[in-house]
Each structure stands twice: as structure tokens, then as C-alpha cells.
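The values are calculated or read from the model by the stated rules, or taken from the named source; none is laboratory data. Remember, it's a predicted structure, so these values are computed and weren't measured experimentally. Note: ideal-geometry Cβ built from the backbone for every residue, glycine included; neighbour counts use all protein chains shown. Protein only, heavy atoms only, side chains kept; ligands, DNA and RNA dropped before computing areas. Shrake-Rupley method; radii C 1.70, N 1.55, O 1.52, S 1.80 Å.
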Amino acid sequence: MNSITFAHPWYLLGLIIVPLMVAWYIWRYRKQDAALQHSDIAVFDGIKKSLRVRLRWLPYALRVVAVGAMVVALARPQSHLSRQEMKVEGIDIVIATDISGSMLAEDFKPNRLEAAKKVAADFIEGRKNDRMGLVVFAGEAFTQVPLTIDHHVLLKQLGGLKSGIVRDGTALGDGLATAINRIKDSEAKSKVIILLTDGVNNQGSVDPLSAAEIAAMYGIRLYTIGVGSLGKAPYPFRDQFGRVHYQNIDVEIDEQLMQQMAAATDDGRYFRATNKKALEQIFNQIDDMEKSKIDVTQYAQTRDEQAPWLWLAFAAMLLEVLVRWGWFKS
């Protein structure tokens, strides 16, 4: 980035000489008496002014330019070339989210799954320097998006998630194990898994605590989030005629297991979200705790820019002498 400063800016006060010189010239011109006085100027009617007469102010204008340029040169203008190098120490994050049927409960608006998708999308959009991935699970687990810096693709896939695309159930261990497989070989300084569910582990072939211990072996930090209000929650279901009815179902989250899973990893934490606002606050907390490190190195180079102004002053003075004692000589 180029910028201009002055080593001795107080010299710029000398520029006040320029308008004073102009004012003096105008005053002197108006007060000047004619070299030849005549009682009647009718004899001069129709005579056009020559180019030399029209430009009689030119020598003095060149002097004004020379004085102004010398004042600027005395102020010692300098240009600065600066450059910044940024080194971003990114964080790899995998979001593992439950898409089981219970995520359609409407204690969150419009339902738990849609609320979780919206909050996760906001979280992703705020972490432009990090690689992120997406794992989904219900009765089984699979990778929806591997680790990527292309957040546009990630957000598109997240937005398309819906319940029912895999066998129903809650396989916490399988979901966590799948996320571990996607992040364990990462060379990032910080590796994080965010596991979100609203149920109790009842499916899968991998024990959740064992999966959490494996995450700890790979230096992965685990944040677990329990989603669901306290007590009962309205759950929609369809009858044989396709009509939607609601039934209040018990909210059952194995908080003890999820706390143990998070505690098994270094600095892992468990959070409980009983409404959408609480879920937003949880993701904001995680966002604050997992900040990317940015190293900024600045380079600056200063160069004096007096020469052009000195050349301008010299050229203006030389030209004034030439025209005053040449073309304008009388």
C-alpha cells in the first residue's frame, strides 16, 4: 500500500506565501499606471490584444509555482510502501448431528432439526478460515461432507438434511467414530468434533465412551450438545389418511453419558440446549473458545520524494528567466 507523508510538515505553512503572491500581483496590476497617457483612446478601438499581452502574467505565475514547489520540497515528502503477510493457523471442525425421527419434535421452532441446521449454518459462516466437515447419524452414521474449506458446498448439504434418509435410532458411538475417521489424520493445530443429539444411545456397533477415548488419543476435543426441552415435547405423526396429529412425548437425553464422553477428551464440554436461543448461545461459546490464530508480519519501506518537487521548482525558475528576458523582454 502506497501513502505519502511529510518528514517536516510544519514547512507546509510556507504555502501561505502562494496566495499572498497572487494577491500582491493582482493589487499591483490594478494600481499600475499606463506608460503612455492619452486623452482619447478611440484611436485604439478595434485593435486586438496580442498573445504576448494576454500572457503577460505567465512569468510571475512561473515564479509562484517555483516558490510553492520549493516549500513542498522543504517539507520533505516521503512515500511509504507497506505489506502485510498473514499466517492463519486454522482449526478443523466436524459437526456430527443427529437426524433421527425424534429431531422432528417441535419444542424448537419449526422443529429441532431445522433449528439445529440454522444455528450450525450461522456457526459455519462465521469461521471462514477453518476446514469443516459434516457427519450425520441416526440408527447408522455416514459422512455427508468431508473436511473442506468450501463452505458453500457444506452449507448446501447442511440445508438439504432431513430425517428419514437412514435407519431410525440413535447411534452415538457410530456417529462419533465416523467423525473421528474424518479428522484424525488432520495436521491442524486444533481438531474439534461437535456432537449434537436429542436422544439416548440405542443403536450402533461402537460404544460411545470407547469412541470418546479414541478421540482423546488423536488429540481431538469433543463438545457434546443435548437438544430438547425439559419434560415433554410435541411430536408430529400422520394417521392412515395422511393427516398430521401431535402427541406429547417424553424428552429423554442421556446427559450423564454425554458428559462422560466430553470429559474423556482434553478440555471437552457438555452443553444442554432447551430452546433455540440457548442453542445459539452454545454455538457462540464454542466459537469464542475455538478462535483461529492469525500471525501478521508487516513490512514498510520509506523513500524520499523531494526530487520531483525540486526539479519542478528549477524548471519553473529557468522557464521564467527565459520568457521574461526573451519573449517578454521590452
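What do you reckon, how do Glu125, Glu187, Glu106, Glu114 stack up by accessible area (1.4 Å probe), largest on top?
Values: Glu125 95, Glu187 175, Glu106 40, Glu114 70 Å².
Descending order: Glu187, Glu125, Glu114, Glu106.
Filter Lys191/Lys232; Lys162/Lys277; Lys128/Lys232; Lys156/Lys291; Lys128/Lys184; Lys156/Lys277 down to the pairs with a C-alpha to C-alpha distance above 28 Å, please.
Working: Lys191/Lys232 35 Å; Lys162/Lys277 21 Å; Lys128/Lys232 38 Å; Lys156/Lys291 24 Å; Lys128/Lys184 21 Å; Lys156/Lys277 23 Å.
Over 28 Å Cα-Cα: Lys191/Lys232; Lys128/Lys232.
Any idea of the accessible area per residue across the chain, 1.4 Å probe, to the nearest Å²?
59 Å²
Provide the FRET efficiency to the nearest 0.05 for the Leu12-Leu322 pair, computing r from the beta carbons and using R0 = 25 Å.
After rounding to 0.05, the efficiency reads 0.30.
Summarise the accessible area of region 103-147 (1.4 Å probe, protein heavy atoms) by the percent that is carbon and sulfur.
On the way: 790 of 1580 Å².
Solvent-exposed carbon and sulfur of region 103-147 make up 50 percent of the total.
Give the ranking of His80, His151, His245 by solvent-accessible surface, highest area first, calculated with a 1.4 Å probe.
From most accessible down to least: His245, His80, His151.
Quick one: which residues, 5+ away or cross-chain, put their amide H under 5 Å from the amide H of Phe271? H built at 1.01 Å from N.
Long-range HN contacts for Phe271: Thr224, Ile225, Gly226.
For region 93-101, take each phi angle, set θ = phi - 60°, evaluate the Karplus expression 6.51 cos²θ - 1.76 cosθ + 1.60, and give the result in whole Hz per residue in order, putting x for glycine and proline.
10, 10, 9, 10, 10, 6, 10, 5, x
Given springs between every Cα pair under 10 Å in a Gaussian network model of the chain, which of Gln157, Gln78, Gln260 has the largest fluctuation?
Gln78
Can you sort Asp174, Asp122 by solvent-accessible area, 1.4 Å probe, largest first?
Asp122, Asp174
Please state the shape class of region 98-239: rounded when a/c is under 1.5, otherwise prolate if a/b exceeds b/c and oblate if not, all from the C-alpha gyration tensor. Mind showing how you got there, number by number?
Working: a/c = 1.90, a/b = 1.32, b/c = 1.44.
Note, shape of region 98-239 comes out oblate.
Using a 10 angstrom cutoff on alpha carbons, build the Gaussian network for the chain and name the most mobile of Pro19, Pro208, Pro236.
So, out of Pro19, Pro208, Pro236, the one fluctuating most is Pro19.
Taking the mean number of other Cβ atoms within 10 Å as a proxy for protection, how do you rank 21-29, 250-258 from highest to lowest?
Per-residue Cβ counts within 10 Å, averaged per peptide and sorted highest first, yield 250-258, 21-29.
Share of region 189-313's accessible area from carbon and sulfur, percent, 1.4 Å?
Taking all protein chains in place, region 189-313 shows 48 percent carbon and sulfur surface.
Report ³J(HN,Hα) in whole Hz for each residue of region 174-186, in order, from the Karplus equation J = 6.51 cos²θ - 1.76 cosθ + 1.60 where θ = phi - 60°; Gly and Pro get x.
Per-residue couplings from phi come out as 5, x, 5, 4, 5, 5, 4, 4, 7, 10, 5, 8, 5 Hz.
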